[in-house]
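Working notes for the structure below.
The values are calculated or read from the model by the stated rules, or taken from the named source; none is laboratory data. Small disclaimer: the values here were computed from a predicted structure and weren't measured. With ideal geometry, Cβ positions are generated from the backbone for all residues, glycine too; neighbour counts draw on all protein chains shown. Accessible surface is based on the protein model in full, side chains and every heavy atom, while ligands, DNA and RNA are left aside. Shrake-Rupley method; radii C 1.70, N 1.55, O 1.52, S 1.80 Å.
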Amino acid sequence: MATIGIDVGGTKTHAVVFDSEAAPVAELRRRTAVGSAETVTASIIQTIEDLLRRSDSSPIDGIGIGIPGRVDPELGAVAQAVNLGIGAQPETIAPRIAAHFATTCRIDNDVNAAALGVHRTLNMSEVVDDLVYLSIGTGIAAGVIINGRIWRGAHGVAGEIGHLPFRPDGELCRCGLRGCLETVASGTAIARQWPVADHRSPTTSLLDAAARGDRRAAAVLQAVSSHLALAVYSLAVTSDVDSIVVGGGVAEAGQPLLSAIGESIDDLAGRSEFVRSLNLAERLQLAPDGPIGARGAAALVAEGDR
Ligand SMILES: [Zn+2]
């Protein structure tokens, strides 16, 4: 039977129907409707109805949703999704969608869903049981996959490393601490340190300028990549999974960014035999191509039954 996976982003929503072999058979991209839980829920329902109309894949085995914010997968509730207009009060979005379509609906945060999508995609060509997915976008967070399942931790915050204060004397962060990883290495932080006038990616522009020998760009890139290297190191020593996968909007800059992080890791390794023994640079890779957010969201349906 078919499964629907929906990757709800702050600006765009990607909805995909996957067949029983997890191959995409129909998809739809929409602007995300924001403002309140009602708006978001109604928009997801409308997107699913439009998607079903163009795919004739019924019956549907279930619907999975990856969404930003603090998610309680048991209750199917979302809170603190500021970009969507959902506040501190948990909103039970999944049960409303399940009732509308009379099917299962599972929901998790977008980074956990993407981590699961990375796992499922990599396992199409190799066997990977455990991995950490480091998402570098507007914010920074990681999703941890152990034995093919999301490891959420006791309070649902496993992998939430964006607010580790790597520079205690650094810039004030929206969380109240100073010098958090997000204040130096997120997409927002890169855009602030390296503003671009046109619609180019600030990260790509920064990498290009540094490669041309621009000294200010090199300094900004050094600050960004050294903090991302610390993030990779932190994830490696806390989870000790073999594979560390980098994705998210900033990581769309691709291999040049991965190389810059790799150089910063080499720099750490050059100063510490312990870091050197971890072979971090070899364990690092870019997220695979494909609809990882939607694929992971769809995989939530089967994961909930295990
Ligand atoms: Zn913070």
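Of the listed requirements (1) part of a helix (DSSP H, G or I); (2) surrounded by 20 or more Cβ atoms within 10 Å (Cβ to Cβ); (3) in contact (Cβ under 8 Å) with a residue 60 or more places away in the chain, ALA94 misses just one: (3). Every test in (1) closer than 22 Å to ALA113 by Cα; (2) among the aliphatic types (A, V, I, L, M); (3) within 10 Å of the ligand (Cβ to nearest atom); (4) without any contact (Cβ under 8 Å) to a residue 12 or more places away in the chain is passed by LEU172 save one, and that test is (1). All conditions in (1) closer than 27 Å to LEU116 by Cα; (2) within 12 Å of the ligand (Cβ to nearest atom) hold for ILE145, with the sole exception of (2).
Report yes if some residue within the stretch 208-216 is part of a helix (DSSP H, G or I), of a type in the set (Asp, Glu) and away from the ligand (no atom under 15 Å from the Cβ); otherwise report no. Yes, that holds for at least one residue. On the basis of being touching a Pro at 6+ places or on another chain (Cβ under 6 Å) and either at pLDDT 95 or above or open to solvent by 20 Å² or more (accessible area, probe 1.4 Å) (or both), does ASP110 make the cut? Taking the combined requirement at face value, the residue satisfies it. Going by the conditions given, is VAL157 touching a residue at least 40 places away in the same chain (Cβ under 8 Å), within 16 Å of the ligand (Cβ to nearest atom) and either in contact with a helix residue (DSSP H, G or I) (Cβ under 7 Å, 6 or more places away or on another chain) or in a loop (DSSP other than H, G, I, E, B) (or both)? So VAL157 fails the test.
Whenever a residue of the stretch 262-283 is closer than 13 Å to LEU228 by Cα and of a type in the set (Val, Ile, Thr), its partners that are assigned to a helix (DSSP H, G or I) and modelled with pLDDT of 95 or more, lying with C-beta atoms within less than 8 angstrom and at least six residues away or across chains, give the pairs ILE265/ALA229; ILE265/VAL232; ILE265/TYR233; ILE265/VAL275; ILE265/LEU280. Scanning the stretch 194-237 for residues that are modelled with pLDDT under 95 and either of a type in the set (A, V, I, L, M) or closer than 19 Å to PRO165 by Cβ (or both) yields VAL196, ALA197.
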